[in-house]
Protein chains: 2
Amino acid sequence: MTIDAQRLWQRLDALAEITEPDRPWTRRSFTRRFLAGRAWLAAEFAAAGLDVRLDAGGNLIGRLAGSNPDLPPLVTGSHSDSVPSGGRYDGMLGVIAALEVAQSLREQGRVLAHDVEVVDFLAEEPSEFGLSCVGSRSWAGKLDATMLATTRPDGMTLREGLQYVGADPDRLASAYRAPGSIAAYVELHIEQARILESNALDIGVVTGIAAIRRERITVIGRADHAGQTPMGERADALVGAARIIDGAYRDALAGTTPACPLVATVGHIGNVKPNAANAVPGQAELIMECRCLDEAKVIGLFDDLFARLSAELTAMGLEIQRQVISHVPATPCTAAIQDTISAAATDLGFTQCHLPSGAGHDGMFASHAGPFGMIFVPCLDGRSHTPEEWLEPEQAAAGARVLFETICRLDAQGAASL
Amino acid sequence: MTIDAQRLWQRLDALAEITEPDRPWTRRSFTRRFLAGRAWLAAEFAAAGLDVRLDAGGNLIGRLAGSNPDLPPLVTGSHSDSVPSGGRYDGMLGVIAALEVAQSLREQGRVLAHDVEVVDFLAEEPSEFGLSCVGSRSWAGKLDATMLATTRPDGMTLREGLQYVGADPDRLASAYRAPGSIAAYVELHIEQARILESNALDIGVVTGIAAIRRERITVIGRADHAGQTPMGERADALVGAARIIDGAYRDALAGTTPACPLVATVGHIGNVKPNAANAVPGQAELIMECRCLDEAKVIGLFDDLFARLSAELTAMGLEIQRQVISHVPATPCTAAIQDTISAAATDLGFTQCHLPSGAGHDGMFASHAGPFGMIFVPCLDGRSHTPEEWLEPEQAAAGARVLFETICRLDAQGAASL
C-alpha cells in the first residue's frame, strides 16, 4: 500500500465534525468555524512533518522538501470551505488526500526531487462576498482592488475578511506564482455527477474545466388582467421565459456529445411581476448558464437560441434584454498530466474514463503557474453540495492512491517534460 | 338627458380622493379609509333622497321607493373597495352610476313600480382575508363559518372585520336574498380589457361571467449540479414547468373563439428550488387558471394539457401534482336582460357588442336572488387594477345612460317577463 486508507478516512471524518452543529455540514470561509478547521489542518500538517505556512492570499500550505531545491514544487490540494448545508468531501477530499500523499512519502522515506506542497486554497466556494476561488486567484494575480473592496451583507470588506483569516491583502504580490513557478498542480475531487457511477468506473481523468457563461435574461411584456385579456392580445413575459427555458434545454440536449459534453441550465427565475394568479405576467428574469470545454459552443448556444426565438418573441410583444454576468474561458488540463494520471490508474488496476469538469475548481487559477491536472472519483448518486454527499472509503482511497502514484511519476518525469 | 353626466364625473373624482395619500388609488376594505369612503357614500345616498341602511352582510344600500310595494326591488350597484394601488373606476363607476340613476329618477319625478336599490357590496376585491365578494356572498347565503374564522395577517378574523365595518355576522340570515326576491341585478363596470376600445365600441353587453378554475401545479424533479450533470440525466423541474406554461398558452390560443373566448394563464411561479444559477431546479410551483363561459372547455383545457404532456414529463423524470385551488362555475347573464341592455344601447345611439366577462364580479352571487345583467364600458388601453386606470367622462356617462334606460325598461317589463 502506498497510502494509509484508514487514516485518510478518519481525517475526513474528523474535519467534517468541525461544522455548524445545527446545519451540518457547514464550514463557511471567513468564519470562526473555518478558522477552527484551518487550525486542525495546520496541526495535522505539522504532525505529518510538513513545514506549515499561510501565504498572503490566505492559502494554507504544508511543504515536504525535495532533494533538489532548484526544482519548482509539485502542488496538490483543494479547499476546506463548504457551501451552506454542504457535504463532507467536496474540497476536503482533495486536501486530506494531498496530506496523506505527503505524509506517506515521508513515512516511507521516499524523497522526491521536487518539493511537494499540500495546499488548502482559501474560499473556493462562493462566500458571502459573492466571489469564488479567492485564494487561487491570488496565485494568478487576479485578486484585484475592486474585489478586495467587495462587502458581505454585514458590511465587512473582502480585504478585512482576508485579514480575519490571517492573510495579508497588502502583500498579495508575495502570494503570486509566476508561470513556470510550479512543476504541476494536481487536484483530487469528487465528480459531483453520475458519469463514473453510472458506468461503474473508479477514476475520472479530467480533460479540462469547461468554459462557463452566465447571462441575466430579462423578458419584458405587459401585465394585464388574466380574465379579461384575450389570448391574442397578450404580451406574457412568463410564456416568453418558458420558451427560453425549454429552448436552452432542447438545444443543449441536441448539441451535447460524449466527446464534448455541453450543458445549458436556467437555474434561477425571479422578478416575475406581478406574479399574481389573476394577472398576465409583465416581466420575468432568468439566469441562464451554459458550460462546455469548447467555448465557441457556449457562445453559439446563447446566440443561436435568441436568434431563433427573436421573431416569435417580438411577435408576442416581448422585449428581451441580455446582460453577461460572467464569462470564464475553458481551462484545459495538460495532456501529459492526463496521460500520467491515466497510466497510474491503469497500473493500479482501476477502471477509468476521460471526462470534462463542468464545475469550476481552483485549477482555473492555479493553472496560471504551471501544468494542471485533476482526478475525479465517483460520489453516491452524483449528489454534492448537500448533506447527503457521500463516497465509499475505498473510492476515496482509490483516488488518493492514484494521486500518490501521479505525484511520484510527475516527479520522475520532471516538469520539463510537461 | 336622463342623467347628470357632470355630477357623475364629479362624484367619481370626489370618491377617488378618499385614498391612502402615499399610494393612490387605494381604499382597501376593512380599513379606516374604506369607512371614510362609505361615510361619504352614505351621505351622498341620503342627500339624493334614498333611504340608507347597512345590511348584516356589510352592504351599503340606498333605496328609492317604487309605487308598488309588493314588487321585488330592481338592484343596481357595484363595490367601493379597491385593490392596493388600484384605479378610480373599477367598482366605483357602478356604485356612482347607480346612485346617479336613482337620483335622476327622483329628480325627474319618475316613479317606477319597483323599488330601486343602489348597492355598494362589501369587499368585492380579495381583501387581506384572502376572500373576494364578501358582501354579495351573504346575499347568496355563502358566507360560512369557515370563512368568518379566516384571519388576516394582523390576526383579525373576518367576523371581527365585518363588525368593524358595521355588519352583523351573527345575523347574516337577515342579509340573505332568496331566489326571486329581487326583480333583477344590473351592474355597470369598466371592461378591464381592450375589446371595446380596439373595436371603437361604446357599450359591451355582457353574456355572462366565465367559469374560473385555478390549480396549483407542483413539478417535482431532482436538484443537481448544473455544471456536472449531463443533459440526458436531468430531471429539471423548471423545464417541465416551462412546457406547462407554454402549453397552456398555446392550447388557449388554439381553443379560443370570438363567440366563446377562452383564456389560460400561468400568472404565478414560486418555490423554485434551489433557484440558484448553478443548480438544476428540483422543484417548481405554478398557479394556472383557465376561464371560459363554457365550463367544459375550462376542465378540458387542464385535462387535455396534462394528458398530452404526461408521457414526456414522466420520461424526463418529473412528477406532476395538481391541486384544485378554486373552481367557480360560469354565471350566465339572463338573456332577457341582455336583450334589454342591447335595445337600450341601440335606441340611445351607442355602438355595442356582446362579450363575456373573464373577471369575477358580485353578480356571481347576487344572481342567486334573481335575473342578472352587466353593462361594460371601455377603459383606456384596457388597463385596470393600476393607478393609470382611466376612461373618458363621456364613456362613463354613456354607461350610466344605458343603465338608466335599462332600469326603466326592466321596470316597465316587470320581473315576471325575465
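Taking only C-alpha pairs under 8 Å that are 6+ residues apart, what is the relative contact order of chain A in percent?
Normalised by residue count, the contact order of chain A is 22 percent.
For labels at residue A:409 and residue A:39 in the simple 7 Å Cα→Cβ model, what's the distance in nm?
Simple spin-label model gives 4.1 nm for this pair.
As a test of understanding, state the convex hull volume per residue of the stretch A:39-137 from its alpha carbons, in Å³.
Per-residue hull volume (Cα only) is 93 Å³.
Quick check on the stretch B:211-328: what are the equivalent-ellipsoid semi-axes from the Cα gyration tensor, as sqrt(5λ), descending, whole Å?
29, 13, 11
Please say if the stretch B:69-118 is rounded, prolate or oblate, where rounded means a/c under 1.5 for a ≥ b ≥ c the square roots of the C-alpha gyration tensor eigenvalues, and otherwise the choice is prolate for a/b larger than b/c and oblate otherwise?
Oblate, because a/c is 1.5 or more while a/b does not exceed b/c.
What share of Cα pairs, in percent, lie more than 20 angstrom apart in the stretch A:153-267?
72
Given a 1.4 Å probe and every protein chain left where it sits, what share in percent of the accessible area of chain A is carbon and sulfur?
The nonpolar share, carbon plus sulfur, comes to 52 percent.
Rounding to the nearest 10 and keeping the result within 0 to 90°, find how far the Cα-based axis of helix A:5-16 lies from the longest principal axis of chain A.
On a 0 to 90 degree scale, this one is about 50.
Would you mind giving the mean number of other chain beta-carbons within 10 Å of the Cβ of each residue in A:241-254, as a whole number?
Partner Cβ neighbours, averaged per residue: 5.
Given the options B:90, B:339, B:224, state which has the largest fluctuation in a GNM of chain B using a 10 Å cut-off (strictly under) for Cα springs.
Largest GNM mean-square fluctuation: B:224.
Report the one residue of B:138, B:92, B:165 whose Cα lies farthest in the direction of the positive end of the charge dipole of the stretch B:90-182 (charges on C-beta: Lys and Arg +1, Asp and Glu -1; origin at the Cα centre).
B:138
For the interface of chains A and B, what total accessible area is buried with a 1.4 Å probe, rounded to the nearest 100 Å²?
4800
If I fit a long axis through the Cα atoms of helix B:295-315 and take the longest principal axis of the Cα atoms of chain B, what angle between them do I get, 0 to 90°, rounded to 10?
For helix B:295-315, the angle is close to 10 degrees.
When a/c reaches 1.5 or more, the comparison of a/b and b/c decides; with that in mind, is the stretch A:155-201 rounded, prolate or oblate per its Cα gyration tensor?
Taking the square roots of the gyration eigenvalues as a ≥ b ≥ c, the stretch A:155-201 is oblate.
Cα-based Rg (one decimal) and Dmax (whole number) for the protein assembly as shown, in Å?
Looking at the protein assembly as shown, its Cα Rg and Dmax stand at 35.2, 117 Å.
With each label point set 7 Å from Cα along the Cα-Cβ vector, what nm distance links residue B:299 and residue A:14?
Going by the 7 Å Cα→Cβ label model, 6.8 nm.
If a/c stays under 1.5 just call it rounded; otherwise compare a/b with b/c (prolate if a/b is bigger, oblate if not). Do that for the stretch A:68-218, with a ≥ b ≥ c from the square roots of the Cα gyration tensor eigenvalues.
oblate
Please compute, for the alpha-carbon atoms of the stretch B:338-401, the extent along each of the three principal axes and give them in descending order in Å.
That works out to 34, 29, 17 Å along the principal axes.
Which is the longest run of chain B containing none of the GluC sites (Glu not before Pro) found in DSSP loop states (not H, G, I, E, B) with at most 15 other C-beta atoms within 10 Å?
B:18-387
Can you give the local net charge around residue A:243? Use residues other than it whose beta-carbon is closer than 9 angstrom to its beta-carbon, Lys and Arg +1, Asp and Glu -1.
-3
So how compact is chain B: Cα radius of gyration and Dmax in angstrom?
According to the Cα coordinates of chain B, Rg and Dmax are 23.2, 82 Å.
The stretch B:92-156 to the stretch A:129-172: how many Å between their Cα centroids?
Each part's Cα centre sits 62 Å from the other's.
Just want to confirm a number: the relative contact order over the stretch B:124-275, from Cα pairs under 8 angstrom separated by 6+ residues, in percent.
12
Compute the angle between helix A:92-107 and the longest alpha-carbon principal axis of chain A, please, reported from 0 to 90 degrees and rounded to the nearest 10.
10
Determine the dipole magnitude for the protein assembly as shown: charges of +1 sit on the beta-carbon of Lys and Arg, -1 on that of Asp and Glu, nothing else is charged, the reference point is the Cα centre, and the result goes in debye to the nearest 20.
Computed charge dipole of the protein assembly as shown: roughly 400 debye.
Comparing A:398, A:284, A:183, which has the greatest mean-square fluctuation in the GNM of chain A with Cα pairs linked when under 10 Å apart?
Of A:398, A:284, A:183, the most mobile in the Gaussian network model is A:284.
Please report the orientation-averaged projected area of the stretch A:221-270, defined via the convex hull of its C-alpha atoms, in nm².
4.5
For residue B:326, place a label point 7 Å from Cα along the Cα-to-Cβ direction in every copy; what are the distances to the other copies, in nm, shortest first?
Spelled out, the distances from residue B:326's label point are 4.3 nm.
Can you give the calculated 222 nm mean residue ellipticity of the protein assembly as shown, where each DSSP H run of n ≥ 4 adds -39,500 (n - 2.57) and the sum is split over every residue, rounded to the nearest 500 deg cm²/dmol?
Result for the protein assembly as shown, helices only: -10500 deg cm²/dmol.
Gap in Å between the Cα centre of the stretch B:289-304 and the Cα centre of the stretch B:206-237?
Answer, in whole Å: 19.
Remind me, relative contact order of the stretch A:211-328 in percent, using alpha carbon pairs under 8 angstrom and six or more residues apart?
So the answer I get is 45 percent.
Could you list, in their original order, any pairs among A:273/B:273; A:142/B:273; A:273/B:142 whose Cα atoms are separated by more than 30 Å?
A:142/B:273; A:273/B:142
Between residue B:380 and residue B:149, what length in nm is gained on full extension when 0.36 nm per residue of separation is reduced by their alpha carbon distance?
Fully extending the segment from residue B:380 to residue B:149 adds 79.2 nm.
The values are calculated or read from the model by the stated rules, or taken from the named source; none is laboratory data. Please read these numbers as outputs of a predicted model, since none were measured by experiment. So basically every Cβ, Gly included, is an ideal-geometry build from the backbone, and we count neighbours across all protein chains shown. The area values use the complete protein model at the heavy-atom level, side chains included, leaving out ligands, DNA and RNA. Shrake-Rupley method; radii C 1.70, N 1.55, O 1.52, S 1.80 Å.
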